[in-house]
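Novice: This is the structure, below, for whatever I ask next.
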Amino acid sequence: MTNRLEMNRRQFVVTTAAVGGGMAMGFALPASAVVLPEPWKTPPAAAGSEINAWIVIAPDDTITIRVGQTEIGTGTITAMPMIVCEELECDWSKVNAEYASGNRSLRENNVYGRMSIGGSASVTQSRPFLQAAGANARERLKMAAAAEWNVPVTEITAVKSVLTHTPTGRKLRYGQVAAKAVPMRLEKDPVIKHPSQFNFLGKENDKAKRFDTPLKVNGSAVFGIDVKVPGAVVAAVKVAPVFGAKVKSFDAAGAKARPGVIDVIEMGKDKKHSAATFASQLNNGVAVIANTYWQARTALDAMAIEWDEGDLAKISTASHTRETLAALDKPGGAVANKVGDAVAALKDARRTVEAVYETPFIDHAMMEPINATASVTADKVEVWVSTQNPISVIDVAAEESGMSKDKIFCNTTFIGGGFGRRGVSDDVRQAVFLSKTLNRPVKVMWSREETLRHGTFRPTAAAKFKAGLDAEGFINAMHVTYAGHSSVVWRGAALGNGVDDKNKIDANQLRGIRDIDYALPNFLLEWHPVQTHVPTGAWRGPGVNQNAFMYESFIDECCVAGGKDPLAMRRNLLRNAKDPGWLKVLNEVAEKSKWGKPMPKGSAQGMAMTIDHGTITAAVVEVSVSQGGEVKVHTLDMAFDIGHVFYKDAIIAQIEGGTAMGLSSALYEELTLRNGRIVEGNFDDYRLVRIDEMPQVNVHFGGLTGGDKVTGVGEPSTVIVPPAVANAIFRATGKRVRSTPFKNLDLSWS
Amino acid sequence: MITLNVNGKNYNVDVTPDTPLLWTLRDNMGMTGTKYGCGISECGACTVHVNGQAKRSCVTPAGSVVGAQITTIEGLSADSSHPVQKAWIELDVPQCGYCQSGMIMATAALLARKPKPTDADIDKTITNICRCGTYQRIRAAIHLAAKNTKS
Ligand code: FES
Ligand code: FES
């Protein structure tokens, strides 16, 4: 057997060889424990053999599978091991999960691959290397058994953690040969299964329960806010309410005189950061340190702080909106899409339709307020945090502490929601700064108000649509002018990072308009960037979560103007669609929702479709609007194309949950600016839907196209709800909704 | 120093009487299953039982519940065997899980008072916020727990 390792291409094999020599890097638990309440800790109990960086097998057949992406509620801590299990051919009832170490990933040349989460991409991006890790281990276990019996490896099969020598029927369990598999080397990497060959994912795993649920029904799951570090003090923090403003003065002595208060520290006094790190910089503000949060919080609330706010304090929602709308009328936007000659075609069109749509800043409003705990000592930095992005934690902690990255240890806790907010590590920077300054562990806690007012918000966006209709009433020309701020770059960076610099387009922010497969012979999409002092970032379904609303509502306007049924109009628009998923998804939802069925007065169906991270989605909602204008969404039928189903229940859960979030964003969510700062502060003025407003969600699987397609489902229902509901409202009331949130609009009818 | 009875045990805690029960539980007693979401009685993440009634502990001064029987998620059952917890596991209700202690405590109090709640009862009583949007499963799990509770 030659020992032909391909060092760069298959890191997990390298790890086994180069680092551990194999034994005892991993440990396993009895199957009942599955995931530890403190998920970053290595489970104690029986030592096992580390077959590769992902997989540890104990003599009793317990298998621990390491998960690179943190569990944020989407089911990754269960779904990722399932993917490994598919290739490993192991007994699922004996699988445990633990988080992979971000520190190890850095030390070992990115062994765990992509460790941040977002963009519905956990499954999509991790699948190939998780499968490869499982296949690699399976083949080496087979080799170990072959060596044991002195037979050719081709005579061995692996099923449910049992290796069988087919000619003789002899059997060995994985746990019996795991240690011997460690030094085994493969000549070449095994070919991984195509999704159509799966026999566990999307089939046998259907009834499998999530690993984390037991910890989340008895209060034992440890979230960042729950972390207890010996000797830690608590910091309540407040940064300048006007983004970018400075501290002028504060009454430290008064605060220090209060019970339990240990210190008062100004943060970010003379800090300068590059534009690229704006969202994660140490903003200027004040921290009150005490023994308990309540002591710190009440002292901070009572403290007089004066701010130096300058001209930024003149900015309001009105001034920002004026600027945005003015940009729509500027000539010469950067061209994002161009087909045919929309401007000329519009001049010649028999009929034109025109409308302007707007969407506000909104917050992620995840239930766990922002917090982070850090301990900076002479030789290392340890961080405990609810993070979507452990690698950013390490980057920021290294930068703030001045220590090299290999000295940073990120302990990822359970996460009380993220939705795009928990990836920039501004919280971690504060904790590291304060721990370094105080020379002891510090837990930084933001109040709900601080959390809501200092997010990385979804940017505002407005769009002006002009469509030309042909003699039959179908659309043959469309001109869209778009004005907004990028959701992937922050203040100070004009257009950079993730942005098509050459053309000055933020392609990400324009998703949901520029990537729809509608056949428009003349189409022009122009972009005008609008700068703002408000920090912005990704919010579940970036770009699409506002563009699907604006675009699909406008398509509905064209249906009305052209006298076309929305289903017929979309079928026409999809006549040239290259991806068969578009029509399949549309037809599936039309059929399952009984599109076009008669509805009582004041009630209506509404239809919308879009694409997000490769997942095509179509939805039909049923809405009733009272004569007084109160909107109630009764049902949402949704079809989608993610290619294949891997873990059905988790998919349904994501679609149900995303619907609630989409509905909140449609009906209620908005952040307003007054005197340069955010007005809303808590759930009394930033309303979210509750159980009484939750529609019945019906998830339909008939839109799947299979093949090589594998995409995610974390975001699609969130982005599809606002346009579907808006279109239903029009059909119920005759009132066209051109901005969110709908609570601001008079929807009464008679 | 005040004395609180939590999950059947007496604890002497060094807080001023106006300190919210939420922070007393979390910071002074180390019971972190009860969560902070808003601090103003809007979200229900901090729901506990006081003499069997659901209470939002973020706006409940510790001093006001001296002598009362306080139950937190840690004390709802010794082994996650409460019918509500079992229904939650059965239907895999939680996503991020942060709101779920409060949801479970609110539900347990509702079922104690009303063993077979209607959808309208649920709409009126379970006013907690779940940003992950697990409401559809919560409703199903409440009905399941009601079905499985021996009356
Ligand atoms: S934290 Fe008490 S109701 Fe929200
Ligand atoms: S499960 Fe995440 S907030 Fe409810």
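Novice: Peptide B:38-49: average number of partner chain Cβ atoms within 10 Å per residue?
Specialist: On the way: counts 12, 7, 6, 2, 8, 7, 2, 4, 0, 0, 0, 0.
Counting other chains' Cβ atoms within 10 Å and averaging over B:38-49 gives 4.
Novice: So which trypsin sites (Lys or Arg not before Pro) in segment A:285-374 are both in a DSSP loop and have at most 12 other Cβ atoms within 10 Å of their Cβ?
Specialist: Details: sites: A:R297, A:K314, A:R322, A:K338, A:K347, A:R350, A:R351; in loops: A:R350.
Passing sites in segment A:285-374 are A:R350.
Novice: For every other residue with a beta carbon closer than 14 angstrom to the beta carbon of A:S425, add +1 if it is Lys or Arg and -1 if Asp or Glu, then tell me the sum.
Specialist: With Lys, Arg at +1 and Asp, Glu at -1, the net is -1.
Novice: Going by the alpha-carbon gyration tensor, a ≥ b ≥ c the square roots of its eigenvalues, is segment B:2-76 rounded (a/c under 1.5) or, if a/c is not under 1.5, prolate (a/b greater than b/c) versus oblate?
Specialist: Details: a/c = 1.45, a/b = 1.21, b/c = 1.19.
Note, shape of segment B:2-76 comes out rounded.
Novice: Next up: Can you give the local net charge around A:K407? Use residues other than it whose beta-carbon is closer than 15 angstrom to its beta-carbon, Lys and Arg +1, Asp and Glu -1. Don't skip to the end; give the middle numbers.
Specialist: Values: positive: A:R104, A:R107, A:K380, A:K405, A:K436; negative: A:D379, A:E382, A:D395, A:E399, A:E400, A:D406.
Neighbour charge sum, excluding A:K407 itself: -1.
Novice: So how do B:V93, A:V480 line up by other beta-carbon neighbours within 10 Å, fewest first?
Specialist: In increasing order of surrounding Cβ atoms, one gets A:V480, B:V93.
Novice: Still on this model: Quick check: net charge around A:M143, other residues with Cβ under 11 Å of its Cβ, Lys/Arg +1 and Asp/Glu -1? Walk me through the numbers before you get to the answer.
Specialist: Details: positive: A:R138, A:R140, A:K142, A:K180, A:R185; negative: A:E139, A:E148, A:E187.
Residues close to A:M143 contribute a combined charge of +2.
Novice: Averaged over peptide A:444-453, how many Cβ atoms belonging to another chain are found within 10 Å of each residue's Cβ?
Specialist: On the way: counts 0, 1, 0, 3, 8, 3, 0, 2, 1, 0.
Neighbouring Cβ atoms belonging to other protein chains average 2 per residue here.
Novice: Segment A:65-87 to segment B:93-149: how many Å between their Cα centroids?
Specialist: 27 Å
Novice: Label A:D684 and A:A568 with points 7 Å out from Cα along Cα→Cβ: what is the distance between them in nm?
Specialist: Label at A:D684, label at A:A568, 5.3 nm between them.
Novice: Pairs of Cα atoms under 8 Å, at least six residues apart: use those to get the relative contact order of chain A, whole percent. Present the calculation step by step, with values, prior to reporting the outcome.
Specialist: Working: 1784 pairs, mean separation 98.7, N = 750.
Result for chain A is 13 percent.
Novice: Given 0.36 nm per residue, what is the gain on full extension from A:K171 to A:E306 after removing their alpha carbon distance, in nm? Intermediate values should be presented prior to the final figure.
Specialist: On the way: separation 135, 0.36 × 135 = 48.60 nm, distance 7.53 nm.
Gain on extension, A:K171 to A:E306, equals 41.1 nm.
Novice: Further question on the same structure: Rounded to the nearest 0.05, what FRET efficiency do A:T672 and A:D708 give with R0 = 35 Å and r taken as the Cβ-Cβ distance? Could you check?
Specialist: Details: r = 45 Å, r/R0 = 1.30.
Efficiency computed from Cβ-Cβ geometry: 0.15.
Novice: Give the lysines whose C-alpha is closer than 18 Å to that of A:K380, dropping any in the same chain fewer than 8 places away, or say none.
Specialist: A:K41, A:K405, A:K407, A:K436, A:K443
Novice: Could I ask something else about it? Averaged over its residues, how many other protein chain Cβ atoms are within 10 Å of peptide A:204-217's Cβ atoms?
Specialist: Working: counts 0, 0, 0, 0, 1, 4, 6, 0, 5, 12, 5, 3, 15, 20.
Average neighbour count from other chains, rounded to a whole number: 5.
Novice: Calculate the spin-label point distance for A:E472 paired with A:T377, positioning each point 7 Å from the Cα along the beta-carbon direction, and give it in nanometres.
Specialist: According to this spin-label approximation, the distance is 7.4 nm.
Novice: Antiparallel as a % of all DSSP beta bridges within the protein assembly as shown, to the nearest 5? Mind dumping the intermediate values first?
Specialist: On the way: 100 of 132 bridges.
Approximately 75 percent, going by the DSSP bridge assignments.
Novice: With a ≥ b ≥ c taken as the square roots of the eigenvalues of the C-alpha gyration tensor of the protein assembly as shown, please select rounded if a/c is under 1.5 and otherwise prolate if a/b is larger than b/c or oblate if it is not?
Specialist: Rounded shape, in that the Cα axes give a/c under 1.5.
Novice: Given the Cα-Cα distance of A:K193 and A:N110 and 0.36 nm per residue of separation, how much length would full extension add, in nm?
Specialist: Details: separation 83, 0.36 × 83 = 29.88 nm, distance 2.38 nm.
Gain in length upon complete extension: 27.5 nm.
Novice: Would you mind telling me the antiparallel percentage of the DSSP bridges in segment A:44-217, rounded to 5? Present the calculation step by step, with values, prior to reporting the outcome.
Specialist: Working: 14 of 19 bridges.
In segment A:44-217, DSSP labels about 75 percent of beta bridges as antiparallel.
Novice: What does the C-alpha gyration tensor say about the overall shape of segment A:218-258? Classify as rounded when a/c is under 1.5, otherwise prolate if a/b is larger than b/c, or oblate.
Specialist: Numbers: a/c = 3.80, a/b = 1.75, b/c = 2.17.
Note, shape of segment A:218-258 comes out oblate.
Novice: Between the alpha-carbon centers of segment A:507-544 and segment A:700-750, tell me the distance in whole angstrom.
Specialist: First find each Cα centre; the distance between them is then 17 Å.
Novice: Less than 14 Å apart at the alpha-carbon level, and either on another chain or at least 8 residues along: which aspartates and glutamates does that give for A:K648?
Specialist: Answer for A:K648, where 14 Å is the Cα cut-off: A:E204, A:D206, A:E656, B:D92, listed by chain and number.
Novice: Pick out, in residue order, every one of the trypsin sites (Lys or Arg not before Pro) in segment B:89-151 that is DSSP loop and has at most 14 other C-beta atoms within 10 Å; say none if there are none.
Specialist: Answer by residue number: B:K150.
Novice: Continuing with this model, one more query. Once fully extended, how much extra length lies between A:E323 and A:H533, figured as 0.36 nm per residue of separation less the alpha-carbon to alpha-carbon distance?
Specialist: Working: separation 210, 0.36 × 210 = 75.60 nm, distance 1.29 nm.
Full extension of this stretch gives 74.3 nm more.
Novice: Kindly state, to the nearest 0.05, the FRET efficiency for B:S41 paired with A:Q696, given R0 = 30 Å and r defined as their beta-carbon distance. Let's see the in-between values first.
Specialist: Working: r = 29 Å, r/R0 = 0.96.
Efficiency, rounded to the nearest 0.05: 0.55.
Novice: State which entries of A:K94/A:K188; A:K314/A:K743; A:K203/A:K578; A:K632/B:K35; A:K160/A:K180 exceed 23 angstrom in Cα-Cα distance in the structure shown.
Specialist: On the way: A:K94/A:K188 28 Å; A:K314/A:K743 26 Å; A:K203/A:K578 29 Å; A:K632/B:K35 30 Å; A:K160/A:K180 19 Å.
From A:K94/A:K188; A:K314/A:K743; A:K203/A:K578; A:K632/B:K35; A:K160/A:K180, over 23 Å: A:K94/A:K188; A:K314/A:K743; A:K203/A:K578; A:K632/B:K35.
Since every read-out is calculated from the coordinates, none of them should be taken as a lab result. Owing to the predicted nature of the structure, the values given are computational and were not obtained by experimental measurement. Reconstructed Cβ throughout: ideal geometry from the backbone, glycine too, with neighbour counts over all protein chains shown.
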